[in-house]
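Peer 1: Would you mind keeping the following structure in view while I ask a few things?
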Protein chains: 2
Amino acid sequence: MKATINDVAKQAGVSIKTVSRVINNETSVRQLTREKVQQAVEELNYQPNLAARNLAGAKSFSIAYIYDNPNAYYIIDMQEGILSACKKQGFELLIHPCDAKNKNITEEVVNMVKHARIAGLILTPPLSEMPEFVKTLVDLDVKVVRIMSGDVAPDDLSPCVMVNDRDAAQTITQHLIDLGHKDIAFIAGDAKHMSTIERYKGYRKALKASNIDFDKKLVIEGDYSFDSGVSGAKQLMSTESNNTRPTAIFSCNDEIAAGALFAARLMNISIPEQLSIVGFENSPFSRQTWPKLTTADQPNGQIAEDAANLLLSQVRKQKNQVTISQYVPKLIVRDSSALCSNV
Amino acid sequence: MKATINDVAKQAGVSIKTVSRVINNETSVRQLTREKVQQAVEELNYQPNLAARNLAGAKSFSIAYIYDNPNAYYIIDMQEGILSACKKQGFELLIHPCDAKNKNITEEVVNMVKHARIAGLILTPPLSEMPEFVKTLVDLDVKVVRIMSGDVAPDDLSPCVMVNDRDAAQTITQHLIDLGHKDIAFIAGDAKHMSTIERYKGYRKALKASNIDFDKKLVIEGDYSFDSGVSGAKQLMSTESNNTRPTAIFSCNDEIAAGALFAARLMNISIPEQLSIVGFENSPFSRQTWPKLTTADQPNGQIAEDAANLLLSQVRKQKNQVTISQYVPKLIVRDSSALCSNV
DNA sequence: TTAGTAATTGACAGCGCTGTCATTTTTTTA
DNA sequence: TAAAAAAATGACAGCGCTGTCAATTACTAA
């Protein structure tokens, strides 16, 4: 039914080993022979059997995406990006959700990697930000690629795809400054996440660049949740507070922004007339608020595909065609930010 | 490094074939022998190699989850449920997002099934509701399990796990009726989805059961989106309208409800004092609105695990331990519904 | 007891592919 | 032009497991 390597070999008039060489892109096959084989592959619509490849060779054709992240949108984007790269290169993707707080997570993942003969792993925050965990895996002879927040890789444990949250945060803060805002609040995400730290740095940097005094009271701790946004905004905008009321809020992600938006409405503060609110991530969430959120777009699918390609080229020991490995989320101006009315 | 079937056989003092029998739960192995083997398996922490099993046998140990659904939360829940069943039974899960509107989808999936030697498939709406598509797959000798909306399977193409949206919708409508509401609007989801149709039936049934006249004008077409909710609620609650203004809105899912909630706020209608709004699905979304949504909880993870178990028992040709195959989403009363003020 | 049946076990081939290494062909060098 | 080196190809074993079928052992009934 399905064509096997034998069928191809017969059709091309060569040995199966030669076919194997061609489909694995090995050198030392004459151009003419290669073409004959390739033609036979086409004609028979041959696709190598993954199980057989995994079993026979020292190599494996499976990679895994290990994650622990409450953001379903993010995960789905990642999965699709990785899958797209896998499909093109004939690899198989196993997904492995897990709990970063679990003490046995390292053991669990090591076990899975060994058992399923995984060639490589893709890690996203927060797992990618756990050095011990990453080190254990790298020592295990699996290739690893991490997606992380920052401008350059923090170490050389593995190749990384960096998401420059700092610069993006600076840009988005600058956008608010350009609109005349000076009292710009910051509602933070989970303090343990690099992304929060980086976004905070960008925020500070933008203020500094425009010589705006930094007011500690305008920084609220949060945790990347809607509720954080609600309580953060309430705290910031409460009339009883003796702080300066900000005219703009930089929320560490769209969920927080949505929460802030909601709180503002409850307090009869109109957006964006009286208060500008910006998010981060450009999740579908940000289009389901009203007004729609100004935010920073992170092309997660593409980042994931990039990471997967990086990983696959590693696994296949190809010369590292190092692709762009740094992304800077881009400002998307929508309706939740406007000129500062205090000016 | 990793123990193979040979190691286990040696340790237990039997042939590898006997080990194979034990790990595959075949009959005709003496109890004593079985125990010896099981002990060896334990001692060596042996886990059969999936690639080898897939290659050697006529059977396959991989199943796939094929989906096309914009709801990331739903997909993630499904994946985790299925994975959980797979892990327990030593199966591998491949995920395959796709586009139901694509003409070639059947070909695409057939190809993947053949290529990856997939033993079984899990289908969710809308794919599970495409009879032609399902039929093609079933004819292909892959086992299929569908998750669908309804009370009984619409055909016997494959086993189904049914989600009784109708009864749940009736219950949730009844909840509104119990609160004294009589003018209850209905904002529909995508008209092509069975779930919309079923929920609508339940809504009608509840009205009828309480002898409440049905008012066609209170039914709004929508599409499971936030925007649907916004525009639907606006239309319903607009003062210019010469319709009866409803005192309660049944939204076909939480996203619609969130949209309706938002529109209500914009129109200065307080929830739930002046208007009750209920959702459906109990997505994380429903906890991120304010007030939190009264909704119907659908245990997606469990439904998925159930479906996977059904599929696996099929694949393994075990006697059909038919588990519960109908779920009725349960009413969750939160803060968006209250006594009707018109009474 | 003893053939006769049923339950248990094992030997062996082979799934589709890759790794090793030997063989053949081509190219280079002297 | 022959010998040496390099490149291209193929024969074959074996990855870890399951299917087939034959061999062994345990249990019946006569």
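A short reminder: the numbers here are calculations on the coordinates, not readings from a lab. What you see is a predicted model; the values in this text were computed from it and never measured. Glycine gets a Cβ as well: all are built from the backbone with ideal geometry, and neighbour counts include every protein chain shown.
Peer 1: Output, in nm with one decimal and in ascending order, the distances from the A:Pro97 label point to the matching label points of the other copies (7 Å from Cα along Cα-to-Cβ).
Peer 2: Spacings between copies for this position, smallest first, are 1.4 nm.
Peer 1: Tally Lys and Arg at +1 and Asp and Glu at -1 over the other residues with C-beta under 12 Å from the C-beta of B:Ala40: what net charge comes out?
Peer 2: -1
Peer 1: Sticking with this structure for a sec: May I ask you to derive the relative contact order of region A:19-91, considering only C-alpha pairs under 8 Å and at least 6 residues apart, and to give it as an integer percent?
Peer 2: In percent, rounded to a whole number, it is 19.
Peer 1: Can I ask one more? Relative to the other copies, what are the label-point distances for B:Thr244, with labels 7 Å from Cα along the C-beta vector, expressed in nm at one decimal and sorted shortest first?
Peer 2: Spacings between copies for this position, smallest first, are 5.5 nm.
Peer 1: Name the lysines eligible as straight-distance cross-link partners of B:Lys208: C-alpha to C-alpha under 25 Å, and not fewer than 8 places from it in the same chain.
Peer 2: B:Lys182, B:Lys192, B:Lys216, B:Lys217, B:Lys330
Peer 1: Would you compute the Debye intensity of chain A from its alpha-carbon atoms alone, equal scatterers and no solvent, and pass along log10 I(q)/I(0) at q = 0.13 Å⁻¹ to two decimals?
Peer 2: Debye output, listed in q order: -0.94.
Peer 1: A follow-up question, please. Report the net charge of residues surrounding A:Ser231, where surrounding means a beta-carbon distance below 12 angstrom and charges are Lys +1, Arg +1, Asp -1, Glu -1.
Peer 2: My count for the surroundings of A:Ser231 gives -2.
Peer 1: At what distance in angstrom do the alpha carbon centres of region A:159-221 and region B:270-299 lie from each other?
Peer 2: Here the answer is 33 Å between Cα centres.
Peer 1: Ratio of region B:165-297's C-alpha Rg to 2.2 N^0.38 Å, to two decimals?
Peer 2: So region B:165-297 has a normalised radius of gyration of 0.92.
Peer 1: For helix B:105-115, report the angle its Cα long axis makes with the longest principal axis of the Cα atoms of chain B; keep it between 0 and 90° and round to the nearest 10°.
Peer 2: 20 degrees
Peer 1: If each label sits 7 angstrom from Cα along the C-beta direction, how far apart, in nm, is A:Ser270 from its counterparts in the other copies?
Peer 2: Distances to the matching label points in the other copies: 2.1 nm.
Peer 1: Then there is this: Quick check: net charge around B:Thr106, other residues with Cβ under 10 Å of its Cβ, Lys/Arg +1 and Asp/Glu -1?
Peer 2: -1
Peer 1: Taking only DSSP H segments of four or more residues, each worth -39500 (n - 2.57), what value at 222 nm results for chain A once the sum is divided by all its residues, to the nearest 500 deg cm²/dmol?
Peer 2: The helix-only estimate for chain A comes to -13000 deg cm²/dmol at 222 nm.
Peer 1: Which whole-number percent is the relative contact order of region B:5-48 (Cα, under 8 Å, 6+ apart)?
Peer 2: 45 percent.
Peer 1: For B:Asp254, A:Asp77, what ranking results if the residue with the fewest other Cβ atoms within 10 Å of its Cβ goes first?
Peer 2: The fewest-first ordering by Cβ neighbours comes to A:Asp77, B:Asp254.
Peer 1: Order by neighbour count: B:Cys340, B:Cys252, fewest other Cβ atoms within 10 Å first, most last.
Peer 2: Starting with the residue having the fewest Cβ neighbours, the order is B:Cys340, B:Cys252.
Peer 1: Pairs of alpha-carbon atoms within less than 8 angstrom and 6+ residues apart define the contacts here; what relative contact order does chain B have, in percent?
Peer 2: Relative contact order, chain B: 16 percent.
Peer 1: Rank the residues B:Glu281, B:Glu43 as a footprinting-exposure proxy: fewest other Cβ atoms within 10 Å of their Cβ go first.
Peer 2: Lowest count first: B:Glu43, B:Glu281.
Peer 1: Mind checking which lysines have their Cα closer than 27 Å to the Cα of B:Lys317? Skip sequence neighbours fewer than 8 apart in that chain.
Peer 2: Within the straight-line cut-off, B:Lys317 pairs with A:Lys2, B:Lys17, B:Lys36, B:Lys59, B:Lys87, B:Lys88, B:Lys114, B:Lys135, B:Lys143.
Peer 1: Can you tell me which of A:Ala191, A:Ala209, A:Ala153 moves the most in a GNM of chain A? Springs connect C-alpha atoms under 10 Å apart.
Peer 2: A:Ala209
Peer 1: Residue farthest toward the positive end of the dipole of chain B, with Cβ of Lys/Arg at +1 and Asp/Glu at -1: which of B:Gly150, B:Leu261, B:Val41?
Peer 2: Towards the positive end, the residue furthest out is B:Val41.
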